[in-house]
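Trainee: Next up is a structure, given as structure tokens.
Bear in mind these aren't lab numbers, they're just calculated from the coordinates by the rules spelled out. All of these numbers come straight from a predicted model, not from anything done at the bench. A quick note on method: Cβ atoms are made from the backbone with ideal geometry, for glycine too, and the neighbour counts reach across all protein chains shown.
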Amino acid sequence: MPKWEGSAAVCINDEGKLLMVLQGTPEEEKKWSIPSGGREKGETFEECCIREVWEETGYEVEVIKPLHVKNGNYSGYEVKVQYFLVRIAGGSAIIQDPDELIHEIGWKSMDELSELTLAFPEDEEMLRGMLSIR
């Protein structure tokens, strides 16, 4: 089975809201997720996380600490995603995704999280846990 590895960023602002992006191809329903994506050749998981946040949101981030590793099999791939807690270090909200899959950038509260259609619903419990300790 082919492998796919990537990173995801959990970024919570001073108001306790989570940085999220609305993503999807033109043919599918758009869904919300935290900034994330695949690791490029020679890239560390941390470097992947920083790059993906910048591409998808325009924000420059610093990695604070690793949070969680998700392993599984999805669409015929063995998948490993490293989640990191990050903080904004600069930049401003602008979509510059080279894959053109990002349609909106938003800061979402814990209450809003339950109303969103999530790209990765299995992440909701972990994200709620992160928002509740803020």
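Trainee: I need the full set of residues from segment 16-29 which are closer than 22 Å to Met126 by Cβ, part of a loop (DSSP other than H, G, I, E, B) and touching a Ser or Thr at 6+ places or on another chain (Cβ under 8 Å), in order please.
Mentor: Across segment 16-29, the qualifying residues are Gly16, Lys17.
Trainee: Kindly indicate whether Pro35 is without any contact (Cβ under 8 Å) to a residue 12 or more places away in the chain and on the phi < 0 side of the Ramachandran plot.
Mentor: Criteria not met by Pro35.
Trainee: Scanning for something more than 30 Å from Lys3 (Cβ to Cβ) and of a type in the set (A, V, I, L, M), does segment 85-92 turn up at least one residue?
Mentor: There is at least one residue in segment 85-92 that is more than 30 Å from Lys3 (Cβ to Cβ) and of a type in the set (A, V, I, L, M).
A quick yes/no check of all residues on (1) in contact with a strand residue (DSSP E or B) (Cβ under 7 Å, 6 or more places away or on another chain); (2) at positive phi; (3) touching a residue at least 12 places away in the same chain (Cβ under 8 Å):
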position	(1), (2), (3)
Glu46	yes, no, yes
Cys49	yes, no, yes
Val61	yes, no, yes
Val69	yes, no, yes
Ser75	no, yes, no
Glu78	yes, no, yes
Tyr83	yes, no, yes
Ser92	no, no, yes
Gln96	no, no, yes
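Trainee: Filtering segment 30-72 down to residues that are of a type in the set (Gly, Ala, Ser) and in a strand (DSSP E or B), which residue is nearest to the chain's Cα centre (by Cα)?
Mentor: Ranking the candidates gives Ser36 first.
Trainee: When residues of segment 85-134 are filtered for being in a strand (DSSP E or B) and farther than 13 Å from Val21 by Cβ, how many remain?
Mentor: Selection size over segment 85-134: 7.
Trainee: Please enumerate the residues belonging to segment 76-134 that are touching a Phe, Trp or Tyr at 6+ places or on another chain (Cβ under 6 Å) and surrounded by 15 or more Cβ atoms within 10 Å (Cβ to Cβ).
Mentor: Listed by number, the residues that qualify are Val79, Gln82, Ile88, Leu116, Leu118.
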